[in-house]
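So the structure is just underneath, and the comments pick up after that.
The values are calculated or read from the model by the stated rules, or taken from the named source; none is laboratory data. In this text, all values refer to a predicted model and were calculated from it rather than measured experimentally. Quick reminder, even Gly has a Cβ in these numbers, built from the backbone with ideal geometry, and neighbours come from all protein chains shown. Heads up: the accessible areas ignore ligands, DNA and RNA and are worked out on the full protein's heavy atoms, side chains in. Shrake-Rupley method; radii C 1.70, N 1.55, O 1.52, S 1.80 Å.
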Amino acid sequence: MNAHTLPEHPSPQDRPARLTVGVVGAGRVGPALAAALRLAGHRPVAVSGVSDASVRRAAALLPEVPVVPPAEVLARAELVLLTVPDDALPGLVAGLAETGAVRPGQLIVHTSGRHGTAVLDPARRAGALPLALHPAMTFTGTPVDVDRLAGCSFGVTAPEELRLAAEALVIEMGGEPEWIAEEARPLYHAALALGANHLVTLVAQAMDLLRTAGVAAPDRMLGPLLGAALDNVLRSGDAALTGPVARGDAGTVAAHVAELRAHAPQAVAGYLAMARTTADRALAAGLLKPELAEDLLGVLSDGGRP
């Protein structure tokens, strides 16, 4: 079923019953999802967290919900959110299953983008119902995250018999479910990291360079430009490309690299890598004229030296 064909609200037979909710790992994601589920009528009953920051997040987003060890979270909750880092998830699941913390019929949900439901196999063998619900959103660990879930896409992977329940939970949190096949999860996650995480790095680096160039408020300068670029690429893809690489201005690109070598050598490798990729895509899209591409690619292959 395509997410776009789902009703705005699940039908009564597909809507999960009101559930007690537990969170294992009070990072930035878990408390926000549990708070969203509370707004939908579910009842958070327990959360686990070790650091002072995680305890503060739990207190802010889930007031009066007790902080207890992970095994106690599973003992109290019918729906358990495992919101720990990707690399910690397999060990956590295996440990909870080995100690008998997992109960038959319990919904075990992880929010890792990389993993599907196979990582939950130890819990499934103990009788749990496995779901992978990954919100394609960046989180701050503050109450604003709950509002940001409205319209947020979730990458959903679940056994066929649990698919409607998984999609209904996403809709109850205000999100939009998008089915991701088990084997496609790593590629799906790589795409999101490339777009979102690397965007933060690129923008932060651009702000640093503008400050070095004497711009007093780089955020105000970049805001309208980046907003327009993002809107254009989401609408038009590669056709939105502008700038010296897409135009084949080899001399300008060489000048850019020379300035970066002088003032921000740590930015050179990233500039060259992105410029090469941009040139390849512009050439394939017919935006970069082949007769101009040769000089440009020559500059890029020579490390920016004309």
| Rounded to the nearest whole Å², what accessible area per residue is found for the chain with the 1.4 Å probe? | 51
| remark: Along the stretch 32-49, Karplus-curve 3J(HN,Hα) (6.51, -1.76, 1.60; θ = phi - 60°) to the nearest Hz, with x for Gly and Pro, reads 5, 5, 5, 5, 5, 5, 4, 4, 7, x, 7, 10, x, 10, 6, 9, 10, x
| task | Pick out, from 126, 35, 137, the residue whose Cα sits farthest towards the positive end of the charge dipole of the stretch 13-137, with +1 on the Cβ of Lys and Arg and -1 on the Cβ of Asp and Glu. | result | 35
| request: Give, rounded to the nearest 20 debye, the magnitude of the charge dipole that the chain has about its Cα centre when Lys and Arg contribute +1 at Cβ and Asp and Glu contribute -1 at Cβ. | output: 540
| query | What is the distance in Å between the Cα centres of the stretch 234-255 and the stretch 114-166? | reply | 38
| Say we join alpha carbon atoms closer than 10 Å with springs in a Gaussian network model of the chain; which of 42, 263, 198 then has the biggest fluctuation? | 263
| note | GNM of the chain, Cα pairs under 10 angstrom: of 209, 162, 107, the biggest fluctuation goes to 209
| request: For every other residue with a beta carbon closer than 13 angstrom to the beta carbon of residue 112, add +1 if it is Lys or Arg and -1 if Asp or Glu, then tell me the sum. | output: -1
| message | Can you order the peptides 132-138, 265-271 by their average number of other Cβ atoms within 10 Å per residue, highest first? | response | 132-138, 265-271
| How far is helix 250-263 tilted, in degrees, relative to the longest principal axis of the Cα atoms in the chain, given as a value from 0 to 90 rounded to the nearest 10? | 70
| remark: Applied in sequence order to the stretch 158-165, the curve 6.51 cos²θ - 1.76 cosθ + 1.60 (Karplus, θ = phi - 60°) yields integer Hz couplings, x standing for Gly and Pro, of 6, x, 3, 6, 10, 4, 5, 5
| task | Calculate how steeply helix 290-301 sits against the longest principal axis of the alpha-carbon atoms of the chain, using the helix alpha-carbon long axis, and give the answer as 0 to 90 degrees to the nearest 10. | result | 70
| request: Could you look at the chain and say what percent of its accessible area is carbon and sulfur, using a 1.4 Å probe and all protein chains? | output: 59
| Which is farthest toward the positive dipole end of the stretch 169-306 among 207, 236, 223, measuring Cα position about the Cα centre, with Cβ charges +1 (Lys, Arg) and -1 (Asp, Glu)? | 207
| said: Just to confirm the number: angle between the C-alpha axis of helix 218-236 and the first principal axis of the chain, 0 to 90 degrees, nearest 10? | reply: 80
| task | Using just the helices of the chain, give the 222 nm mean residue ellipticity in deg cm²/dmol: DSSP H runs with n ≥ 4 each add -39,500 (n - 2.57), and the total is spread over all residues, rounded to 500. | result | -14000 deg cm²/dmol
| field | Relative contact order for the chain, counting Cα pairs under 8 Å that sit 6 or more residues apart, in percent | value | 13
| request: With both partners inside the chain, how many of the DSSP beta bridges are antiparallel, as a percent to the nearest 5? | output: 15
| query | For the charge dipole of the chain, defined by +1 on Lys and Arg C-beta atoms and -1 on Asp and Glu C-beta atoms about the Cα centroid, which residue among 26, 89, 186 has the Cα displaced farthest towards the positive pole? | reply | 26
| Hz values of 3J(HN,Hα) by residue in the stretch 206-213 - Karplus curve (6.51, -1.76, 1.60), Gly and Pro given as x | 4, 5, 4, 5, 5, 4, 4, 7
| Which cross-chain or sequence-distant (5 or more) residues have an amide H under 5 Å from the amide H of residue 20, H modelled 1.01 Å from N in plane? | 43, 78, 79
| task | Return one quarter of the surface area of the convex hull spanned by the alpha-carbon atoms of the stretch 234-290, equal to its mean projected area, in nm². | result | 4.1
